[in-house]
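**Student:** My structure is below; once you've seen it, I'll send some questions.
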Amino acid sequence: LESSRRPIIMGRMPTTRSMALAICAACYCGARAFLAPASRTEAPKLAPGSVSAHAGGARLQSSDFSRSPSFMVLGTFLAGSAVALGQRQKQRTARRAVTYKQIDELQIEDIPDDYRPVASIGRSRRNFYKEVMQEELEDTFLLLAVNVYGMTMAGLEDFRNAMPIGVKARCLKNGIFKKAIESTGWECVSPKCRDQLMYIFVKEDNQVAPTVKNCLDFEKKWQRKAFLTQHYEQLPEVYADPPQPNTFAVFVDEWDVLDHKQIPKLKDFPTKETLVTRIAVGIKQVTTKLAKGVKQVPQKLAVGLKETVEKGEKDGKSSVGEVTP
């Protein structure tokens with residue numbers, strides 16, 4: 001198996017190294033004239049009409065281009081850079097996530113339906129977001145959607161910070177979210193995934209009431225109803241229905257989509273502890289009433305028998321049957 005774990009040889013990058021070597025060679029061979037030129041001898045000034053001492057005028061001597069200390073330092077620096085780049089750009093290796101043996105054993109049924117031989121970075125990123133949303137929905141108790149069109153980043157940050165601990169709020173493209181809920185119970189909200197929405201994932205039943213209260217406070221504080229109504233009046237052709245601040249809500253396992261009129265009722269949503277307490281109190285009350293009723297039956301029976309006997313004795317009857325035929 002170890003023999004199948006052959007490393008992948010990463011390609012070399014000779015361009016930078018070659019460039020550094022070329023610069024170094026150019027500096028050494030003659031480019032120093034542009035880097036550290038010595039002071040050139042000036043030609044003597046001649047009077048008008050006079051003949052110069054040389055036919056070609058003032059000539060440049062070989063000492064005009066000197067090897068100054070700054071040139072030597074620069075050349076040494078470039079040579080060192082070239083060596084360092086050569087050491088850095090050695091062959092790099094990376095191990096495969098899977099072995100060649102596993103690749104050879106791959107079957108057609110092992111390939112997923114959405115497999116693509118080539119995928120862009122954008123598609124890979126969208127697929128990653130889709131998988132993250134699917135993981136969030138696995139343990140979600142209540143899903144809420146709030147319309148955040150026109151909100152500022154500061155307003156959205158305040159809204160997120162006011163959420164109970166454990167509740168997650170995500171702004172996501174509706175197309176990615178629709179892909180994430182395909183073939184699941186959450187797919188019932190797909191027709192309502194329109195406009196710019198923030199999806200809120202409530203994990204526990206004791207988080208429902210505070211989360212809904214936060215949504216209602218957010219709507220009131222930022223006057224979301226008036227803002228969305230005004231936007232709808234300006235562009236009625238864009239929307240099939242008037243946009244609402246609280247778009248929808250749905251509970252897990254029930255899959256009944258609640259509209260914006262039913263969402264405010266969830267601010268008094270009871271927790272499991274509250275329901276258990278109410279049931280226990282109700283059972284206790286029923287038991288108490290039942291005990292009182294059972295206790296009252298013998299008492300009433302005894303009182304009735306006593307009155308019947310007294311009536312028989314008064315009328316001279318010797319048995320209860322003679323008193324009550």
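**Student:** From the cross-link list Lys192/Lys221; Lys178/Lys272; Lys173/Lys221, which pairs have alpha carbons spaced over 28 Å apart?
**Tutor:** Lys178/Lys272
**Student:** What distance in nm separates the simple spin-label points at Leu156 and Glu273, each placed 7 Å from Cα in the Cβ direction?
**Tutor:** Placing both labels 7 Å along Cα→Cβ, they lie 3.5 nm apart.
**Student:** For segment 138-147, just list the computed ³J(HN,Hα) in residue order, Karplus coefficients 6.51, -1.76 and 1.60, θ = phi - 60°, integers in Hz, with x standing in for Gly and Pro.
**Tutor:** Whole-Hz 3J(HN,Hα) from phi for segment 138-147: 5, 10, 8, 8, 9, 10, 10, 10, 10, 7.
**Student:** Which whole number of Å³ per residue matches the convex hull of the alpha-carbon atoms in segment 159-278?
**Tutor:** Residue-normalised Cα hull volume stands at 119 Å³.
**Student:** Can you compute the modelled spin-label distance between Ile103 and Lys261, with each label point 7 Å from Cα toward Cβ, in nm?
**Tutor:** In this crude spin-label approximation the distance works out to 6.1 nm.
**Student:** Suppose the chain between Arg126 and Val238 were pulled fully straight at 0.36 nm per residue; how much longer would it get relative to their current alpha carbon spacing?
**Tutor:** 37.8 nm
Taken together, the values in this text are just the output of simple stated rules run on the coordinates, not laboratory data. The model shown is predicted, which means the values in this text are computed figures rather than measured ones. Please note: Cβ atoms are built from the backbone with ideal geometry, for glycine as well, and neighbour counts cover all protein chains shown.
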